[in-house]
1. Search the structure for amide H atoms under 5 Å from the amide H of K88, placed 1.01 Å from N in the peptide plane, and list their residues when 5 or more places away or on another chain.
2. Taking θ as phi - 60°, what are the ³J(HN,Hα) couplings along segment 96-106 by the Karplus curve (6.51, -1.76, 1.60), each to the nearest whole Hz, with x for Gly and Pro?
3. Keeping the other protein chains in place, figure out the carbon and sulfur percent of the accessible area of the chain, with a 1.4 Å probe.
4. What order, most packed first, do the peptides 173-180, 75-82, 29-36 have when packing is the mean number of other Cβ atoms within 10 Å of each residue?
5. Using each residue's phi in segment 35-51, evaluate 6.51 cos²θ - 1.76 cosθ + 1.60 at θ = phi - 60° and report the 3J(HN,Hα) Karplus result to the nearest Hz, with x for Gly and Pro.
6. At 0.36 nm per residue, minus the direct Cα-Cα distance, what do E80 and Q102 gain on full extension? Give it in nm, one decimal, please.
7. Find the Cα radius of gyration of the chain, compare it with 2.2 N^0.38 Å by division, and give the number to two decimals.
8. Output ³J(HN,Hα) for segment 197-213: one whole-Hz value per residue in order, computed from phi by the Karplus curve 6.51 cos²θ - 1.76 cosθ + 1.60 with θ = phi - 60°, and x for Gly and Pro.
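The values are calculated or read from the model by the stated rules, or taken from the named source; none is laboratory data. Here the structure is a predicted model, which means the values were calculated and not measured. Backbone-built Cβ (ideal geometry, glycine too); neighbour counts: all protein chains shown. The accessibility values were calculated without ligands, DNA or RNA, using every heavy atom of the protein model including side chains. Shrake-Rupley method; radii C 1.70, N 1.55, O 1.52, S 1.80 Å.
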Amino acid sequence: MLDLFSEEAPWQEPLAEGAVILRRRARDQADALLAEIYAIAAQNPFAHRITPGGHRMSVAMTNCGDLGWSSDSRGYQYTEQDNHSGHKWPPMPSLFRELAQQTAQEAGFSGFNPDACLINRYEPGAKLTLHQDKDEKDLRQPIVSVSLGLPAVFQFGGFERGDATQRVLLEHGDIVVWGGPSRLRYHGILPLKPGVHPQAGAFRYNLTFRRAH
Ligand code: SIN
Ligand code: FE2
């Protein structure tokens, strides 16, 4: 019998106008998503980038898709190749693309066609300070963010760095979509607590899908 109140059924939690959490939405695909992440990292390994200010980021990153986001002493940019390895970014798996397109649609953004997927890997203590995603050309396109592995506290703020933030726990399989009037909201991740996740080990992984160009 279909159990509508099963723990496994995804549900939506609005965050702000144009921003919603699709709870557990990626859970059924999580193992396949993780396998794709490991295959991508085997080609273009996770690396700790240096911010333009000269700090080593605590989050390790790689990318897939036509374009990948990275940071170095010159600034933040989208590039077709990994500056560490000199290789092109691996193609975006169709599993990734379809999940991003479908969930953007569920959140009210039809026609999303990402050309970049940033893959973040958090180890205990790793964090992402409050920032805006604003290196993309077309800010009418949303951001789709998929959380896997260890839980983390996501901060979702306003349009100034100092604005009050909501704090929400993002767990394995949760997807956050923000766009429209929320597209430029500040957001970040508080330092990851140590733990062991049955599927992802001692890490949190996050995929963020963007339309960069
Ligand atoms: C990001 O802001 O790019 C990533 C957020 C997250 O790891 O959930
Ligand atoms: Fe971001």
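1. It is D82, by chain and number.
2. In residue order, the calculated couplings are 5, 4, 5, 4, 5, 5, 5, 6, 4, 4, 4 Hz.
3. 52 percent
4. 173-180, 29-36, 75-82
5. 4, 5, 4, 5, 5, 5, 5, 5, 8, 10, x, 4, 9, 8, 7, 9, 6
6. Numbers: separation 22, 0.36 × 22 = 7.92 nm, distance 2.50 nm.
Contour length minus Cα-Cα distance gives 5.4 nm.
7. Ratio of Cα Rg to 2.2 N^0.38 Å: 0.96.
8. For segment 197-213, the Karplus-derived couplings read 9, x, 9, 10, x, 8, 10, 10, 10, 9, 9, 10, 9, 9, 9, 7, 10 Hz, x marking Gly and Pro.
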